[in-house]
Structures are given as structure tokens and as C-alpha cells.
Amino acid sequence: MILPKSHRLTPEQVAEITAIAGEFGCKIQPIIGAVRTIYAIVGDERDELMINRLEGLDYVERIDRIQSPFKLMDRRSDLASHRIKIGGVTLGEELLVVAGQCTIDPKNPNFFYETAAAVKEAGAHVLRGGVWKPRTNPYSFQGDVKSLDILMEASRRTGLPVDAEVMEEEHIGVALAAGVNMLQVGARNALNYSLLRAIGKAVAERDTVVLLKRGLHMGPLNEFISAAEYIAAFGNPNILLCPRGTAPTLDGYRNHPDESITPLLKEKTWAPVVVDPSHSVGKASYVPACALAAVAYGADGLCIEAHVSPNQGIGDDPKQAVTPDVLKQIIGQARQLWTLRRTGGKGEKA
């Protein structure tokens, strides 16, 4: 990883380091961070002659060689200073809340418009809405591209940025063209490396944020972070890691709640952690406690399913979506806990 002395290298300088790396079978990938652009060496960076030649350039401050499976996402990476912003929130400076319906019903758009207004009033920063839906049963409702128009209309009415899950490569371009601000990768695609690469390529020149959920199985944390590396390697480090419960399930819960992995992730990566309590527990009455537990463990944000009338919703909403009133209570309590955890009760950052 090449760290320049200036905020960004000139085209001529990029051409020079690219030529040097190319002699050793490597490529250069610019990664645009909040503070400065760094230049990742893609390939085997262990050749000492290549490193010596690059370090000898007068515009190179230093070269960091991080021996981990995720060089960009590693907490020792220079990207540790990168800050992700969405919905007026800078992750790490304020608790981010993503909220909305599991599934947008194209036959009842007003439900979603009402939900959008209500979650904004409750204090959410990003509006979520399921356009395309992964379903275990092939005969269940799989979503509808028409719902994308409803999602974007709700965004226009509320001014909130929106989050939508993409399941196939063709969804990516459609969602980005419509103006989706946050692409969500669901648990079933968490290790779909071809999809992750496609997303990385598509968002490389954008400020789009990617919400990457943890896979359904209880896999190693390195596997989770490495999946994020697939996206970041193309140049966009705006990635949020989202624990959402894993298999095998815990009796009484939809999944095995995994918000407790947050501090373990933070020991390995700089990436913000946004926990999904709705899928973790799968029952609306359990969501508030799970959300607060996530914040207590150090989560940077929450992704919560909410609906103005859950019983009339489709998908998972009838069983796990909270009402806007409950969402407002969760957000208020979560913010208090987040501040308490940050300050240690002393009124200033610990």
C-alpha cells in the first residue's frame, strides 16, 4: 500500500508507479479516502526490489505492507482515518439509524410512503425498503422492480437517502441508475464473490455506501471482513459491516443473535459496524432489547425493520417490523446509551 506525501498523486506519478509495479506482475488500485488517496498494490507485494524502487520515489511517503488477508480493511491500514457519511451522519460521530419496511408492496404504495414519513419523524437517517427479495420458498413473493419507483418517490418526499438490497448483477445498475444511495448485500449473498466484485466495480467511481451483511452460517470473522475487501479493492471503501444473526438458530429467535461480535470486528478492522436486530431475533417484541445490546457492544449504527401497520405488511414485516412509535423509543434510548458508552458518563469523549 503506497502512501503519497500529497493528498493525491498526479497522473504522471500514477503512471510511473503503475509501470514499476507492472514489471513485477502487480497492478495499482487507487483507494479514495476521506483524508487522502492511497494506492494499493494488487498482487504479490513481497518483492523487495519493487518495494525499494517505489520507496525511492521522492513523492512517496512510505509503503505499508500489512500481512493479513484483508489489507485495505485491516485496522492498521491507512484507511483507518476514512470516514463514511450518509444521511447527514458521519459514522463514528453519531449513531446511524437505517429503518423501513422489509418488503415494499407494489400494490399498496401508500403504506410505504406513510412508513417513510414516520421513520423520518422517529429519527431515522436512511430509509430501507425491499425491492428484490430472497425467498426460501420459490412460490413466495420475490419482489418487484416496480417497487424501486416507490422507494425513490419516498426518498423524494422525505429527503432521506435509501437502502435497497441487490441480489443479481443486473440489479446493481438498475438501482444505481435510479439513485439508490446504499446497496445492501444480504446474508445469502455475503460470500457471492462474483456479485461482490460486480458491486465493487460499479461503485468504484461513486460515493455509494455498501451495507454488507454477515453470512447465514457462523463463519470466521476474517471471512466476513475479507468479503468486504472484495468490494474495497476496486476503490470505494464506503463499506458498513452488518451482523444480522447466524445459523444454527437459537430456540425462540429467528437466528442466533451475533451483535456481540462487534468489539471483535473492531479489533480487526476500521469498518463501521451497523447491526440488524430485526433479523437477529425475528420478533418485533425482542427487537428493542437486541438493538440496545448492539449499541452496548459498540455498534456504530442500527438497521431496523419498521412499518406503520406491520400486520398489513408482506414479507417479514408482520412478525418482526416494529411500529414507528416503538422505533422512536428505540432510537431515543439507543442514542442515550451510545453517548454514555462514548463518554463514560463524563460528558465528553473518553
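The values are calculated or read from the model by the stated rules, or taken from the named source; none is laboratory data. Everything numeric here is computed off the predicted structure, so don't read it as measured data. Quick reminder, even Gly has a Cβ in these numbers, built from the backbone with ideal geometry, and neighbours come from all protein chains shown.
Yes/no matrix, rows are residues, columns are (1) within 20 Å of PRO272 (Cα to Cα); (2) modelled with pLDDT of 90 or more:
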residue	(1), (2)
GLY22	no, yes
GLY33	yes, no
ALA40	no, no
MET50	no, yes
GLY56	no, yes
VAL60	no, yes
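Given the structure, is PRO310 under 23 Å from GLU223 (Cβ atoms) and touching a residue at least 24 places away in the same chain (Cβ under 8 Å)? No. Taken over the stretch 299-325, the criterion of being of a type outside the set (Ser, Thr, Tyr) and surrounded by fewer than 18 Cβ atoms within 10 Å (Cβ to Cβ) is satisfied by ASN311, GLN312, PRO318, LYS319, ASP325.
For the stretch 102-119, the condition holds for at least one residue, the condition being that it is among the β-branched types (Val, Ile, Thr), outside any helix (DSSP H, G or I) and under 30 Å from VAL326 (Cα atoms). For the stretch 19-52, residues that are buried (at least 16 other Cβ atoms within 10 Å of the Cβ), free of Cβ contacts under 8 Å to residues at least 40 places away in the same chain and not in a loop (DSSP other than H, G, I, E, B) total 7. For the condition without any contact (Cβ under 8 Å) to a residue 60 or more places away in the chain, basic (Lys, Arg) and part of a helix (DSSP H, G or I), LYS319 qualifies.
Conditions (1) assigned by TED's automatic domain parsing to the domain that holds ARG206; (2) surrounded by 14 or more Cβ atoms within 10 Å (Cβ to Cβ); (3) modelled with pLDDT of 95 or more; (4) of a type outside the set (Phe, Trp, Tyr), marked per residue:
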{"position": "VAL119", "(1), (2), (3), (4)": "yes, yes, yes, yes"}
{"position": "ALA122", "(1), (2), (3), (4)": "yes, yes, yes, yes"}
{"position": "VAL126", "(1), (2), (3), (4)": "yes, yes, yes, yes"}
{"position": "LYS146", "(1), (2), (3), (4)": "yes, no, no, yes"}
{"position": "ARG157", "(1), (2), (3), (4)": "yes, no, yes, yes"}
{"position": "GLU165", "(1), (2), (3), (4)": "yes, yes, yes, yes"}
{"position": "VAL174", "(1), (2), (3), (4)": "yes, yes, yes, yes"}
{"position": "ALA177", "(1), (2), (3), (4)": "yes, no, yes, yes"}
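Yes or no, residue by residue, for (1) under 30 Å from GLN29 (Cα atoms); (2) among the hydrophobic types (A, V, I, L, M, F, W, C); (3) touching a helix residue (DSSP H, G or I) at 6+ places or on another chain (Cβ under 6 Å); (4) in contact (Cβ under 8 Å) with a residue 24 or more places away in the chain:
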{"site": "LEU212", "(1), (2), (3), (4)": "yes, yes, yes, yes"}
{"site": "ASN236", "(1), (2), (3), (4)": "yes, no, yes, yes"}
{"site": "ILE239", "(1), (2), (3), (4)": "yes, yes, yes, yes"}
{"site": "THR246", "(1), (2), (3), (4)": "no, no, no, yes"}
{"site": "TYR253", "(1), (2), (3), (4)": "no, no, yes, yes"}
{"site": "GLU267", "(1), (2), (3), (4)": "yes, no, no, yes"}
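Those residues that are among the charged types (D, E, K, R), surrounded by fewer than 22 Cβ atoms within 10 Å (Cβ to Cβ) and not in a helix (DSSP H, G or I), I need them from the stretch 220-257; list them, please. Once the filter is applied, which keeps residues that are among the charged types (D, E, K, R), surrounded by fewer than 22 Cβ atoms within 10 Å (Cβ to Cβ) and not in a helix (DSSP H, G or I), the stretch 220-257 yields ASP251, ARG254.
Between ARG83, ARG62, ARG76, the distinction of being over 26 Å from the mean Cα position of the chain (by Cα) and either farther than 20 Å from ALA228 by Cβ or surrounded by fewer than 21 Cβ atoms within 10 Å (Cβ to Cβ) (or both) belongs to ARG62 only.
When THR90 is tested against the conditions (1) surrounded by fewer than 17 Cβ atoms within 10 Å (Cβ to Cβ); (2) among the hydroxyl-bearing types (Ser, Thr, Tyr); (3) touching a residue at least 24 places away in the same chain (Cβ under 8 Å), the lone failure is (3).
Being assigned to a helix (DSSP H, G or I), out of contact with any Leu (no Cβ under 9 Å at 6 or more places or on another chain) and surrounded by 19 or more Cβ atoms within 10 Å (Cβ to Cβ) is not true of LEU292. Of all residues in the stretch 278-287, none are more than 22 Å from VAL209 (Cβ to Cβ), among the β-branched types (Val, Ile, Thr) and surrounded by fewer than 20 Cβ atoms within 10 Å (Cβ to Cβ).
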